[in-house]
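As structure tokens, the structure follows; a few thoughts come after it.
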Amino acid sequence: GENVEQHPSTLSVQEGDSAVIKCTYSDSASNYFPWYKQELGKRPQLIIDIRSNVGEKKDQRIAVTLNKTAKHFSLHITETQPEDSAVYFCAAQGGSSYKLIFGSGTRLLVRP
Amino acid sequence: EADIYQTPRYLVIGTGKKITLECSQTMGHDKMYWYQQDPGMELHLIHYSYGVNSTEKGDLSSESTVSRIRTEHFPLTLESARPSHTSQYLCASTGLSLGGELFFGEGSRLTVL
């Protein structure tokens, strides 16, 4: 089955700097890659996603890139703000499966 | 308001008790999921359902069972709770076959003494 690995597990950046989180997946049939943000004590919420027919997608300060050949995708946050502090999860889904498999999460801390 | 609801939010019980965690969604979604998550940690898929009368086990071995008799309802049952079951359980649903946003409930935090 699908296996998703996520790095780093923790990331601390200064406010205004960029943050990059990387994920790799094992199932070449996967074709949907979302990113979820989970604030402390809250439920995970979708922040951006990308499908396999696209190499990059951007939404204001957030962007995601996908390299299908290498089977990895990344989340880029520019001009980080304290409210970006949270745990971020990547995930992969595809083939004929409805299963959405998550990475282990990255705890992002943005220092004011 | 369209949403996904979980009850109870918090539950403390003794070892050996049978419990059912309830999950209901009012969005008409076919696909529903149960994830187990220790606070701030990895989300482990334990069960999912394509629709009524369809259930599948996830990747994390679990002693729990689920049922899907109605589209909007996806309860999770532990026949005999143990301390190792202490965790948070998150229910989620989506309306698309593939590539749809997963909407999560607020979770049920279970403590087994």
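The values are calculated or read from the model by the stated rules, or taken from the named source; none is laboratory data. Please read all numbers here as calculations on a predicted model, not as lab measurements. All Cβ positions, glycine included, derive from the backbone under ideal geometry; neighbour counts span all protein chains shown. All accessible areas refer to the heavy atoms of the entire protein, side chains included, with ligands and DNA or RNA removed. Shrake-Rupley method; radii C 1.70, N 1.55, O 1.52, S 1.80 Å.
Observations on the model:
- Taking amide H atoms as placed 1.01 Å from N in the peptide plane, the amide H of B:Lys17 lies under 5 Å from those of B:Ala81, each 5 or more residues away in sequence or on another chain.
- GNM result for chain A, Cα springs below 10 Å: residue of A:Gly94, A:Gly41, A:Gly16 fluctuating most strongly: A:Gly41
- Averaging 1/r over each pair of different alpha-carbon atoms in segment A:1-71 and inverting the result gives 13.7 Å, the Kirkwood hydrodynamic radius.
- Along segment B:24-30 the Karplus relation, 6.51 cos²θ - 1.76 cosθ + 1.60 evaluated at θ = phi - 60°, assigns HN-Hα couplings of 9, 10, 10, 9, x, 6, 7 Hz to successive residues, with x for each Gly and Pro.
- Semi-axis lengths, Å, the protein assembly as shown, gyration tensor of Cα atoms, sqrt of 5 times eigenvalues: 30, 21, 15
- Residue pairs, from the table A:Lys22/A:Lys99; A:Lys58/B:Lys57; A:Lys37/B:Lys17, whose Cα atoms sit over 29 Å apart: A:Lys58/B:Lys57; A:Lys37/B:Lys17
- Whole-Å distance, taken between Cα centres, linking segment B:82-106 and segment B:1-52: 6 Å
- Only protein heavy atoms count here, probed at 1.4 Å, and on that basis chains A and B bury about 2100 Å² of accessible area in total.
- Max mean-square fluctuation residue, GNM over chain A, Cα-Cα springs under 10 Å, options A:Asp49, A:Asp84, A:Asp17: A:Asp17
- Environment charge of B:Gln36, counting only residues whose C-beta is closer than 12 Å and scoring Lys/Arg +1, Asp/Glu -1: -3
- Exposed loop sites, defined as GluC sites (Glu not before Pro) outside DSSP H, G, I, E and B with at most 15 other Cβ atoms within 10 Å, are absent from the longest region of chain A, namely A:40-78.
- Rg/Rg_globular for segment B:19-112, with Rg_globular taken as 2.2 N^0.38 Å and Rg from C-alpha atoms: 1.01
- Protein heavy-atom surface of segment B:1-103, 1.4 angstrom probe: 52% of the accessible area is carbon and sulfur, with nucleic acids and ligands not counted.
- What segment A:5-112 shows is 48 Å² of accessible area per residue, with the surface traced by a 1.4 Å probe over protein heavy atoms.
- Considering only Cα atoms, the convex hull volume of segment A:16-112 works out to 92 Å³ per residue.
- Exposed loop sites were defined as trypsin sites (Lys or Arg not before Pro) in DSSP loop states (anything but H, G, I, E or B) carrying at most 12 other C-beta atoms within 10 Å; in chain B the longest segment without such a site runs B:19-113.
- Accessible surface, per residue, of chain B when the full set of protein chains is kept, probe 1.4 Å, Å²: 47 Å²
- 3J(HN,Hα) along segment A:77-89, derived from phi through the Karplus expression 6.51 cos²θ - 1.76 cosθ + 1.60 where θ = phi - 60°, amounts to 10, 9, 6, 4, 10, x, 6, 7, 4, 4, 9, 10, 10 Hz, with x in place of Gly and Pro.
- Rh (Kirkwood; distinct C-alpha pairs) - segment A:73-112, Å: 12.0 Å
- Average partner coverage of A:38-48, which counts Cβ from other chains inside 10 Å: 4
- Remark: relative contact order (chain B) = 36 percent; criterion is Cα-Cα distance under 8 angstrom and separation of 6 or more residues.
- Integer Hz, Karplus 6.51/-1.76/1.60 couplings in order for segment B:99-113, x for Gly and Pro: x, x, 4, 8, 9, 9, x, 7, x, 10, 9, 10, 10, 10, 8
- Selected from A:Ser97, A:Ser26, A:Ser52 as most flexible by GNM, with chain A as the system and alpha-carbon contacts under 10 Å: A:Ser97
- Two-site FRET efficiency, B:Ser67 against A:Ser104, from Cβ-Cβ distance with R₀ of 35 Å, rounded to 0.05: 0.75
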